[in-house]
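A quick write-up on the structure given underneath.
The values are calculated or read from the model by the stated rules, or taken from the named source; none is laboratory data. Keep in mind it's a predicted model, so treat the numbers as computed, not measured. Reconstructed Cβ throughout: ideal geometry from the backbone, glycine too, with neighbour counts over all protein chains shown. Remember, those area values only see protein heavy atoms, side chains included, never the ligands or the DNA or RNA. Shrake-Rupley method; radii C 1.70, N 1.55, O 1.52, S 1.80 Å.
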Amino acid sequence: MRNLLDFVVKYAYFILFILLEVLCLVLFFSSNPFQRYGFASSANVVTGAIAEKWAGVVQYMNLSEENEALKKENADLRNRLEAYRRSSIPVLGKKGFEYIPASVISATTNREKNTITVNAGSNAGIENEMGVIGRDGVVGIVSSVSDKYAVIMPIIHPDARISVKLAENGYFGSLSWNGRDVRVATFSEVPGYVDVRIGDEIVTSGFSAIFPEGIPVGYVKSFEKDLSTDFYTIDVELYTDFHNIKYVYVIRNNNKEELKASDDKAQKKK
């Protein structure tokens, strides 16, 4: 208490000056509407700017939660779309494809055999040989699963093979990776008489139990015809950027076992 009194006594004139300044400002703004409005406007600008910056900080801190919510919402929308497709096409029956959201926790792009690991596994319903897509298109195929995690063999893996087709005319073939450019894959087995043009879109064929038909893969970057076989070798610019992949959707085909049983039955008849 004594220290406080000593401080007040020591700086009495300065404290008095500050109080008088405050009193003058109060009287000035209270008696002059124009200055009062200008002061209030300036104060609003300052507080508004502070509030905007703070909102930005809060939004940044909540990004992970928002991304998680968006990921689940996208999966739900895909499932709703698939349900509508099944109801519109009776031959598909009550079963079809389902989409399971997952986040990428690790990925490689500079190895001979690249992999992607996601934070969802058998507990979420994921199994081996399920197709995987991302925001922009096909990502790869599930190669191994644990309770909480799954490893994906991406398109940019030398052992990956995906059945694809030209969206324009439906001619199909096989997509593989040549091991060089992570943005380019090779589309082969297309006959030389087919009309192929640079920019033509490549999509999944739907001829396997892994991917639905029509999932985007990429577009024709370049092509050449092998005169000895009369088949094209087509370079496909992939839609998926494997350097910047954060979320994926694993595709469950509820008809897979039935299709497999039918194929086995057909093979036995041969």
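Table for the structure above
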item	result
Any hit, segment 177-191, residues being closer than 20 Å to residue 243 by Cβ, free of Cβ contacts under 8 Å to residues at least 24 places away in the same chain, in a loop (DSSP other than H, G, I, E, B) and among the aromatic types (Phe, Trp, Tyr)	yes
Boolean, residue 236 is under 28 Å from residue 119 (Cβ atoms), in contact (Cβ under 8 Å) with a residue 60 or more places away in the chain and open to solvent by less than 20 Å² (accessible area, probe 1.4 Å)	no
Residue in segment 103-146 that is nearest to residue 250 (Cα to Cα), counting only those that are aliphatic (A, V, I, L, M) and touching a Ser or Thr at 6+ places or on another chain (Cβ under 6 Å)	139
Any pair with Cβ under 7 angstrom, 6 or more apart, that starts in segment 134-152 at a residue that is over 15 Å from residue 99 (Cβ atoms) and ends at one that is surrounded by fewer than 19 Cβ atoms within 10 Å (Cβ to Cβ) and among the hydrophobic types (A, V, I, L, M, F, W, C)	143/151; 144/151
Condition check for residue 199: at pLDDT below 95, open to solvent by less than 50 Å² (accessible area, probe 1.4 Å) and over 18 Å from the mean Cα position of the chain (by Cα)	no
Selection status of residue 160, aliphatic (A, V, I, L, M) and in a loop (DSSP other than H, G, I, E, B)	yes
Residue list for segment 134-152, filter: at pLDDT 95 or above and closer than 20 Å to residue 203 by Cβ	138, 139, 140, 141, 152
Counted residues, segment 228-270 - those being over 34 Å from the mean Cα position of the chain (by Cα) and either within 21 Å of residue 212 (Cα to Cα) or at pLDDT below 65 (or both)	8
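Let's see how each residue does on (1) surrounded by 15 or more Cβ atoms within 10 Å (Cβ to Cβ); (2) among the aromatic types (Phe, Trp, Tyr):
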{"position": "156", "(1), (2)": "yes, no"}
{"position": "166", "(1), (2)": "yes, no"}
{"position": "172", "(1), (2)": "yes, yes"}
{"position": "175", "(1), (2)": "yes, no"}
{"position": "178", "(1), (2)": "no, no"}
{"position": "183", "(1), (2)": "yes, no"}
{"position": "187", "(1), (2)": "yes, yes"}
{"position": "193", "(1), (2)": "no, yes"}
